[in-house]
Amino acid sequence: MHYFLNKLNKHTIRACLTLLVLSCLLLVSYPAQVSASSQEDLNYMQKRQHMVRLIEDDVRRTSVYLDKEALDPKVMQAMSTVPRHKFVPENRWDDAYQNNPLPIGHGQTISQPYIVAIMTDLLKLSEHDKVLEIGTGSGYQAAILAKLVDQVYSIEIIKPLGLQAARLFKQLDYKNISSKVGDGYYGWEEHAPFDAIIVTAAASHIPHPLIKQLKPGGHMMIPVGSHFITQQLLLVTKAEDGHITTKQILPVRFVPLTGDH
Amino acid sequence: MSQRIPLFSISLLSATALGYEVLLMRLFSIIQWHHFAYMIISLALLGYGISGTLIALFQKQLLKHFNFAYPGLLILFSLSSLSCYLMVQQIPFNAEEIFWDPHQLVYLLSIFLLLSIPFIFAASAICLALAQYPDYISRIYGMDLLGAGAGSFAIVLLLFLVFPMTALILIALLGLFSALVAARELNLKQRWLTPGIIIAGCIIFFTGVSSTLNISPYKELSQILRINGTQIIRQNSSPLGLLSIVESPVVPLRHVPGLSLNNLQEPLAQLGLFTDAGGMTAITRYPRQTGELAYLDQLTSALPYHLNNIQRLLVVGAGGGSDILQAQYHQVDNIDAVEINAQVVDLLKNEFAEYSGKLYQQQNIKVHIDDVRGFLSTIGTDKKTQFDLIQISLMDSFSASASGLYALHESYLYTQEALQNYIEHLSADGYLAISRWVKTPPRDALKMFATAIKALQQLDKKNINQHLLLIRSWQISTLLIKNSAFTENEITAVKSFCQQRSFDIAWYPGISKNEVNRFNIFNQAYFYQGAGALLGEHAEQFLQEYKYYLYPATDDQPFFHHFFKWSVLPELLSLRGQGGVLLMEMGYLILIATLLLAIAASIVLILLPLLAYRKTQSVSSANGSSHNSSPINRSKLFLYFFMIGLAFLFIEIAFMQKFILFLHHPIYSISIVLAAFLINAGIGSTWSRYLVKNYSYQKVMKWAISGIIVLSLLYIVILNPLFSWLIALPIVFKIVLSLILIAPLAICMGMPFPLALSTLGDNTDGQGQAYIPWAWGVNGCASVISAVLASILAIHLGFTVVILIAISLYYFCLLLFPGICISQ
């Protein structure tokens, strides 16, 4: 043993000692880091709860149009668990839980939480559903859907945005989201048909391949408006016999006629 | 060489400043949206008001160093015109976030402040010259107006020749050139001046050429360029807009708004045609076989082709040619198409002729560069020139239309008189088809329906409901107005057409309640209810109770896109958190916000110098020097210059509209009419100086204002019948006639302002002279308020009322005039 120690030069001993001290320091500081991070998580969680309350208030005010006093509790549960701040640029984390849309770069936006909640609710999803999303954007809508259904497929046309969302899904461990970069016009034939489709990308008309890939009895949701403000929601329904109808939903309680006509 | 009054440099400066104002409007329409451009530039023009305040406050010092201050201001104008714009386009302002992000207000304020800087310098230079040469006020003001008139015309020509960014560099360089002219006029001997100006010119040139337009990332063009492989393959610029042609080889463009959900066919390959980085339309690759166009039969606008044999068609807004292709699919023999933008037609006839199948050169297709009413005025209404179908499809983009950005746009396309005109050009069984975006809650379709009813009533049609038919998809509605009554066979064909495409019928003669709202479902059958109510006995009650303004637009109130009702504002404001913002007509609210901001800023700008004057007066009375002076009657002075500022622009704007309708093409007519007004007013101002040599100020003023009142009243009465009578004249004659009609009115309008300023200059105790900058500032503020107020008044009361108000204001000015320099 003595012999072995003598063989080690002074530099090696110094390096080992430094490593030891650093390890000890790291061990001592770890609980503090954990507590800082959980404090941060707690803050965001509180903000998220507040956001959910705001959405509930707005829904109550719009009940006439939505035909319901409250949204599906599972949707609200998803809204209260998905860390929305992770889907916006880091410098906007503090604004992430306001009931507003936010810019996310590449000329794109993350929708207003109230609109995300309504759209998700109107799709009337079930646990074993398969959903297609055209326009991944920030990835937030896909993350909400992933909490509610078996599998989410998402297509984004803007490459950097699509790659960024894919990285985030991996990082946040959303195993049931498959995403790709490409043209959404043709849907995702290999995984069709879908129980629900949500089209958040701008399109001048509804592509026929998407209607074809919607299961009979399924719903398709298309928000219509500008980048920041959704003016109306278009709910496309495919009846069991394949018959298509659309419904225009105003996310605001506003009746244009005051008189009796 | 002795010093001369710097008349030429003033003229040059005014031309440059007016050109800069028009150019800013162009630049902002490209990088942002038109409505905010309007607001920002209106407010930036308060620079004229600010200049009056600054000169009033620092008058003594500046006049003492006039030879340095005057050319210095010209150089500063030149440098700031470029640099301020470049700084402004770096500000990340986004209009839509203004409702929840307070930073946006700071950005907006910064933009306004930065852009007002060049105008402050330009206006200060003119104001300083007026204060320096009180005996030559009429000539200086005359040259100012002449320059502005020439500038308004020259900038339009310039924008045909160069891209907006190049025009900006040229304008900045022209500003510097005016400084060189000023140095020569003032006989300045400073050795540094010429090299200094040359160095500044080099800086402007190299900064300008290395800068590009920074377009908002949320505009359509910016969005599409993010798609892999897309690129701009051609750009053309004109005063009507910056055209960008975009190719997308990887992800095909498929722009066919309103396509039926039952359509199975993929659209043909397209190139995107963007105007001012937005409003995309498509240039379609010409099909090898007509069958490839079948998808165009899956639009609501295809309905007329299924009702009758269309032989002669007029397409309004030819654009990339989609409507013409749709007609070709239906084998229409004879197609006329009007397109207002010559450059669009030029692109399709030249660079993209092969791609588009030489569509615009085909024998049976005639494309006319004109607006539709201008074109119709050149052809008769006899049988040979009648159309079986006039097709007016979507003329604006959905996002701009839906958010009410067009609220303050005058449009003579959709007025009651316009519809009458179209119907008069239809064959006995001809159709007028107007397609508009479907909005929730409905607006455009119902307003168009109401307008059609009025037009048919004016044409003395019996059983009006027999002439109207309205169908809709989830996205687009098409209103069909038939010259004769719809037949049973046609109704059967309509039902079959809609059933096959899952379109809803909202109205046909004899429709029943259970036939509506079946495929594209609204909360209530709004379209059917609205159409029925508008045709019923209680139409007026419906119009009053509907939460949007659906009264038809007229040529006197040509604001089809104005839907806002004040009574609904509280309700909409309470809904803004849920996205109710888009239900408000933004264009109109921005107009109101601009007016309020202009009034608030004007109050500060007008009051500030008064405090300084009070201080000066108290000092002079303490020195005992006020014994022989007759103090200025400030309230009368204020009222006079404020009312003159309001009235001048009221008349100019209102008559401009009337002449635009006569000359038709908006860009040419605006530039010709505006230049005619300003140049003639400049002549009037210069002439007034000679008149007062032989006649008293009061007499000249009386003549001038009497002239304005008599001519304005006369024009209100005679212009409409005169224009209807002469509408078919060749355009050259119409321009000459317009210039002859404008000249006497504008000459009279050019007199009241310089006459009153000259009386201040002539005020013997020198007190009046000190008030010249203040009067200039008051007039500047009033001009900004006037332009905005004229639009608001015209929206609610019509342009004729705006003229009548202006006449009253001029009359009050006449009553006030003798008193403005007389002691209280």
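Applying 1/(1 + (r/R0)^6) with r as the Cβ-Cβ distance of A:HIS128 and B:THR487 and R0 = 56 angstrom yields a FRET efficiency of 0.55. Fraction of C-alpha pairs exceeding 17 angstrom in segment A:131-211: 38 percent, rounded to a whole number. Among the protein heavy atoms, those of A:VAL116 account for about 0 Å² of accessible surface (1.4 Å probe, every chain in place). Estimated at 0.36 nm per residue, the fully extended path between B:TRP566 and B:SER496 surpasses their Cα-Cα distance by 21.0 nm. I want the antiparallel fraction of DSSP beta bridges within the protein assembly as shown, as a percent rounded to 5. Looking only at bridges with both residues in the protein assembly as shown, the antiparallel portion is about 55 percent. The lysines within cross-link reach of A:LYS47, meaning a Cα-to-Cα straight distance under 20 Å and a gap of 8 or more places when in the same chain, are A:LYS74, A:LYS86, A:LYS147. In the assembled protein chains, A:GLU240 presents an accessible area of approximately 140 Å² (probe radius 1.4 Å). Share of pairwise Cα-Cα distances greater than 16 Å in segment B:41-104 is 66 percent (whole percent).
Ranked from largest to smallest solvent-accessible area, with a 1.4 Å probe on the protein heavy atoms, A:MET119, B:MET25 come out as B:MET25, A:MET119.
Length available on full extension from B:ILE718 to B:GLN544: 0.36 nm per residue minus the Cα-Cα distance, which gives 59.4 nm. Summarise the long-distance tail of P(r) for segment B:417-516 by giving the % of C-alpha pairs beyond 22 Å. So the portion of pairs separated by more than 22 Å is 26 percent. Placing pseudo-labels 7 Å out from each Cα toward the beta carbon at B:VAL251 and B:GLU424 gives an inter-label distance of 4.9 nm.
When the accessible areas of B alone and A alone are added and the area of the pair subtracted, with a 1.4 Å probe, the result is around 5100 Å², both sides summed. Tell me, what is the 1.4 Å probe accessible area of B:TRP703, in Å² to the nearest 10? Answer for B:TRP703: close to 120 Å² accessible.
Note on segment B:1-216: the C-alpha convex hull projects to 12.3 nm² when averaged across all orientations. Each stretch of four or more DSSP H residues adds -39500 (n - 2.57); spread over every residue of the protein assembly as shown, this sum gives -17500 deg cm²/dmol at 222 nm.
Between B:LEU113 and B:PHE206, full extension at 0.36 nm per residue minus the direct alpha carbon distance yields a gain of 31.0 nm. In this simple spin-label approximation, B:ASN214 and B:GLN331 carry label points 7 Å from Cα along the Cα→Cβ vector, and these lie 5.8 nm apart. The C-alpha atoms of chain B define a longest principal axis, and helix B:752-762 lies at about 10 degrees to it.
Ranking A:THR81, B:THR594, A:THR109 from most to least accessible surface, computed with a 1.4 Å probe over the protein chains only, gives A:THR81, A:THR109, B:THR594. The aspartates and glutamates whose alpha-carbon is closer than 14 Å to the alpha-carbon of A:LYS175, local same-chain residues fewer than 8 away aside, are A:ASP150. With the cut-off at under 20 Å, measuring from each backbone N in segment B:77-109 to a point 7 Å along the Cα-to-Cβ line of B:THR166 picks out B:82-83, B:86.
Both the radius of gyration and Dmax for the protein assembly as shown are 33.0, 125 Å, in that order, over alpha-carbon atoms.
Expressed to the nearest 5 percent, the antiparallel share of DSSP beta bridges inside segment A:45-249 is 45 percent. Heavy-atom accessible area with a 1.4 Å probe sorts B:GLU424, B:GLU292, largest first, into B:GLU424, B:GLU292. Helix B:66-88 and the longest principal axis of the C-alpha atoms of chain B enclose an angle of approximately 30°.
Based on the Kirkwood approach, the hydrodynamic radius assigned to chain B is 28.7 Å, with every pair of different Cα atoms included.
Please list, by residue number, every one of the GluC sites (Glu not before Pro) in segment A:100-165 that is coil in DSSP and has at most 12 other beta-carbon atoms within 10 Å. Counting only loop positions with at most 12 other Cβ atoms within 10 Å, the GluC sites (Glu not before Pro) in segment A:100-165 are A:GLU127. Its convex hull of Cα atoms gives segment A:45-249 a direction-averaged projected area, equal to a quarter of the hull surface, of 10.5 nm².
Each label was represented as a point 7 Å from its Cα along the Cα-to-Cβ direction; for B:GLN363 and A:ASP150 these points are 6.3 nm apart. Of the trypsin sites (Lys or Arg not before Pro) found in segment B:267-371, the ones in coil according to DSSP and having at most 14 other Cβ atoms within 10 Å of their Cβ are B:ARG288, B:LYS358.
In this structure, B:LEU63 and A:THR81 have a Cβ-Cβ separation that, at R0 = 41 Å, corresponds to a calculated FRET efficiency of about 0.05.
To the nearest 0.05, how large is the calculated FRET efficiency for B:TYR133 and B:ASP346 if R₀ is 45 Å and r is the Cβ-Cβ distance?
Working: r = 48 Å, r/R0 = 1.08.
Once rounded, the FRET efficiency stands at 0.40.
Is segment B:640-818 best put as rounded, prolate or oblate by its Cα gyration tensor, with a ≥ b ≥ c the root eigenvalues, rounded for a/c under 1.5, and otherwise prolate when a/b is larger than b/c, oblate when not? The shape class here is prolate.
Given C-alpha coordinates of segment A:159-205, what is the ratio Rg to Rh with the Kirkwood estimate of Rh?
0.98
Normalised by the number of residues in segment B:1-216, the average gap of Cα pairs under 8 Å and 6 or more apart makes the relative contact order 41 percent. Checking the table A:LYS238/B:LYS454; A:LYS180/A:LYS212; B:LYS219/B:LYS734; B:LYS358/B:LYS454; B:LYS358/B:LYS482 against a 30 Å threshold on Cα-Cα, which pairs fail? Violating the 30 Å Cα-Cα cut-off are A:LYS238/B:LYS454; B:LYS219/B:LYS734; B:LYS358/B:LYS454; B:LYS358/B:LYS482.
The values are calculated or read from the model by the stated rules, or taken from the named source; none is laboratory data. A quick note: this is a predicted structure, and the numbers were derived from the prediction, not measured. Cβ: placed from backbone, ideal geometry, glycine included. Neighbour counts: every protein chain shown. Areas reflect the complete protein model, heavy atoms only, side chains present, ligands, DNA and RNA absent. Shrake-Rupley method; radii C 1.70, N 1.55, O 1.52, S 1.80 Å.
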